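Q: Questions regarding the structure given below will be posed in turn.
The values are calculated or read from the model by the stated rules, or taken from the named source; none is laboratory data. Bear in mind the structure is a predicted one, so any value in this text is a computation, not a measurement. Glycine gets a Cβ as well: all are built from the backbone with ideal geometry, and neighbour counts include every protein chain shown. Heavy atoms of the whole protein, side chains included, go into the accessibility calculation; ligands, DNA and RNA do not. Shrake-Rupley method; radii C 1.70, N 1.55, O 1.52, S 1.80 Å.
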Amino acid sequence: MKSIPLCDLKKQYLNLRQEILETIDNLCLESSFIKGPYVKEFEEAFIKANHASYGVGCSNGTSALSLALEALGIGKGDEVLLPSHTFMATAESVFHVGATPVFCDIKSSDYTIDPADIEKKITKKTKAIIPVHIYGTPCDMDKVLMLAEKHNLKIIEDCAQGHFATYNRQYVGTFGDAGTYSFYPGKNLGAYGDAGFILCKSPNIEERLKRLIDHGRLDKFDHEIIGYNHRLDAIQAAILSIKLKHIHEWTKKRQAIAEIYNETFRKIGIKVIESPSNKRSVYHVYCIEVEDRPQIQELLKKHGIQTGIHYPTPVHLMPAFDQLPKARLDVTEHISSKILSLPIYPEMDLKEVEFVTERIKNYVA
Ligand SMILES: *Cc1c(COP(=O)(O)O)cnc(C)c1O
């Protein structure tokens, strides 16, 4: 029997194998393990590819978030607004800098943070907003920017799922004071281990980030501030440079698959995520909303089709956040029992896409 995974990293590796192995071999022969030319090359290429001005690589997407918050001066006593419909790391990072996360609801049309709820939750203590481009769908950046300007708030865009998604034809991650990225292996641009990135708007913030990432220094022993070791690993940077050359072609394949899914599911009355013409999703996750999720999951599993749930428990209901006042987030809580993620990855062929849509069509009929 055919088996269709949610994502197939081995298939992608086999296409790039020789180039990757040769590059790692050279890196080892040069002993360029920490900082050095491979890191510099990827940093420059990623900043340029996003049409950004400043940025720096780091250890992972979670450190990228907390480093961005710290570099922008967010800390103890500050409130940070963010969606609860996200991966745990977004909220964790707020705790890491000693600030308090305040959870906002999402819009039922595309699951991105609801600007109307952001406005309701702004207090005198609010210092920043973290819009998350969840599943690769851009947030309503016009409205988020307007609110941030009106209330003097920083914006840190969580782009861990949104590499090269566009809003009004501009790449996400370049709207806010900072845009943070994860290159976790399964992300649209994935390393072969942990890695992350922070894009930013100002050279001063870039310098502070560089210092925080490497023990407070830029040169060997100029430790001006207390920092961390959150450097981007050179082997990961070398792999990412190779993969970066393919990201637009991979994104187009994801978008083509999503288009087939969208068309099929709309026709049979299954709710899909809306995509207005000024937003171009990169479909890190392809998600449908269904009433009988367990049955559909079971059926697809029987046919060898892997599914996922992103995420089964909204972050504000996690035991780890019991210490916070209980918020009620209607849309977030409502969809968490209905969302279902289907296989989507650039190497997925059209026969496989059709195999998935046919199973669901037959079920609904
Ligand atoms: C993956 C992810 C992160 C964390 O990235 P890591 O590299 O795993 O630390 C943060 N936010 C979101 C939305 C993510 O999907």
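Q: Looking at Ala148, Ala178, can you tell me which residue is away from the ligand (no atom under 13 Å from the Cβ), of a type in the set (A, V, I, L, M), on the phi < 0 side of the Ramachandran plot and in contact with a Leu (Cβ under 7 Å, 6 or more places away or on another chain)? Give the derivation first.
A: Working: Ala148 fails: in contact with a Leu (Cβ under 7 Å, 6 or more places away or on another chain).
It is Ala178.
Q: Could you tell me whether any residue of region 24-43 is open to solvent by 60 Å² or more (accessible area, probe 1.4 Å) and within 16 Å of the ligand (Cβ to nearest atom)?
A: No; the residues of region 24-43 include none that is open to solvent by 60 Å² or more (accessible area, probe 1.4 Å) and within 16 Å of the ligand (Cβ to nearest atom).
Q: If Gln236 passes every condition in (1) within 16 Å of the ligand (Cβ to nearest atom); (2) more than 30 Å from Leu21 (Cβ to Cβ); (3) buried (at least 21 other Cβ atoms within 10 Å of the Cβ) but one, which one does it miss?
A: (2)
Every residue, every condition in (1) closer than 30 Å to Ala116 by Cβ; (2) among the β-branched types (Val, Ile, Thr); (3) touching a helix residue (DSSP H, G or I) at 6+ places or on another chain (Cβ under 6 Å), yes or no:
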| site | (1), (2), (3) |
| --- | --- |
| Ile4 | no, yes, yes |
| Leu27 | no, no, yes |
| Lys35 | no, no, no |
| Ser66 | yes, no, yes |
| Gly98 | yes, no, no |
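Q: Given the criteria under 25 Å from Ala160 (Cα atoms) and of a type in the set (Gly, Ala, Ser), does Ser32 qualify?
A: So Ser32 fails the test.
Q: Give the residues of region 19-35 that are free of Cβ contacts under 8 Å to residues at least 24 places away in the same chain and under 28 Å from the mean Cα position of the chain (by Cα), sorted by residue number. Break it down stepwise before answering.
A: Taking region 19-35 as the starting set, the residues that turn out to be free of Cβ contacts under 8 Å to residues at least 24 places away in the same chain are 21-22, 25-26, 28-31.
Of everything in region 19-35, just one residue is free of Cβ contacts under 8 Å to residues at least 24 places away in the same chain and under 28 Å from the mean Cα position of the chain (by Cα), namely Leu21.
Q: Looking only at residues in region 90-121 that are among the small types (Gly, Ala, Ser) and touching a strand residue (DSSP E or B) at 6+ places or on another chain (Cβ under 8 Å), which one is nearest to the ligand (Cβ to nearest atom)? Let's see the steps before the verdict.
A: If we filter region 90-121 for residues that are among the small types (Gly, Ala, Ser), which is where we start, we get 91, 93, 98-99, 108-109, 116.
Narrowing the set further to residues that are touching a strand residue (DSSP E or B) at 6+ places or on another chain (Cβ under 8 Å) leaves 91, 99.
On the way: Ala91: 9, Ala99: 16 Å.
If we take residues in region 90-121 being among the small types (Gly, Ala, Ser) and touching a strand residue (DSSP E or B) at 6+ places or on another chain (Cβ under 8 Å), then Ala91 is nearest to the ligand (Cβ to nearest atom).
Q: Could I ask something else about it? Looking for something surrounded by fewer than 18 Cβ atoms within 10 Å (Cβ to Cβ), without any contact (Cβ under 8 Å) to a residue 24 or more places away in the chain and touching a helix residue (DSSP H, G or I) at 6+ places or on another chain (Cβ under 6 Å) - is there at least one such residue anywhere in region 271-292?
A: Yes; the residues of region 271-292 include at least one that is surrounded by fewer than 18 Cβ atoms within 10 Å (Cβ to Cβ), without any contact (Cβ under 8 Å) to a residue 24 or more places away in the chain and touching a helix residue (DSSP H, G or I) at 6+ places or on another chain (Cβ under 6 Å).
Q: Out of the residues in region 1-18 meeting the condition of being of a type in the set (D, E, K, R) and touching a residue at least 60 places away in the same chain (Cβ under 8 Å), tell me which one is surrounded by the most Cβ atoms within 10 Å (Cβ to Cβ).
A: Within region 1-18, the subset of a type in the set (D, E, K, R) is 2, 8, 10-11, 17.
Right, trim to touching a residue at least 60 places away in the same chain (Cβ under 8 Å) and you get 2, 8, 11.
Details: Lys2: 9, Asp8: 16, Lys11: 14.
Step by step, filter region 1-18, then rank; the result is Asp8.
Q: If you scan region 44-71, which residues turn out to be more than 18 Å from Arg211 (Cβ to Cβ) and not in a helix (DSSP H, G or I)?
A: Result: Asn50, His51, Ala52, Ser53, Asn60.
Q: Can you confirm whether Ile296 is within 16 Å of the ligand (Cβ to nearest atom), surrounded by 13 or more Cβ atoms within 10 Å (Cβ to Cβ) and touching a residue at least 24 places away in the same chain (Cβ under 8 Å)?
A: Working: within 16 Å of the ligand (Cβ to nearest atom): no; surrounded by 13 or more Cβ atoms within 10 Å (Cβ to Cβ): yes; touching a residue at least 24 places away in the same chain (Cβ under 8 Å): yes.
No.
Q: Within region 1-43, count every residue that is in a helix (DSSP H, G or I), over 20 Å from Trp250 (Cβ atoms) and among the hydroxyl-bearing types (Ser, Thr, Tyr).
A: Going through region 1-43 one residue at a time, the tally reaches 1.
Q: Consider region 62-83. How many of its residues are within 18 Å of Tyr181 (Cα to Cα) and more than 11 Å from the ligand (Cβ to nearest atom)?
A: Step one: list which residues in region 62-83 are within 18 Å of Tyr181 (Cα to Cα), which gives 62-72, 82-83.
Checking the rest, the ones that are also more than 11 Å from the ligand (Cβ to nearest atom) come to 67-72.
The number of residues fulfilling the criteria is 6.
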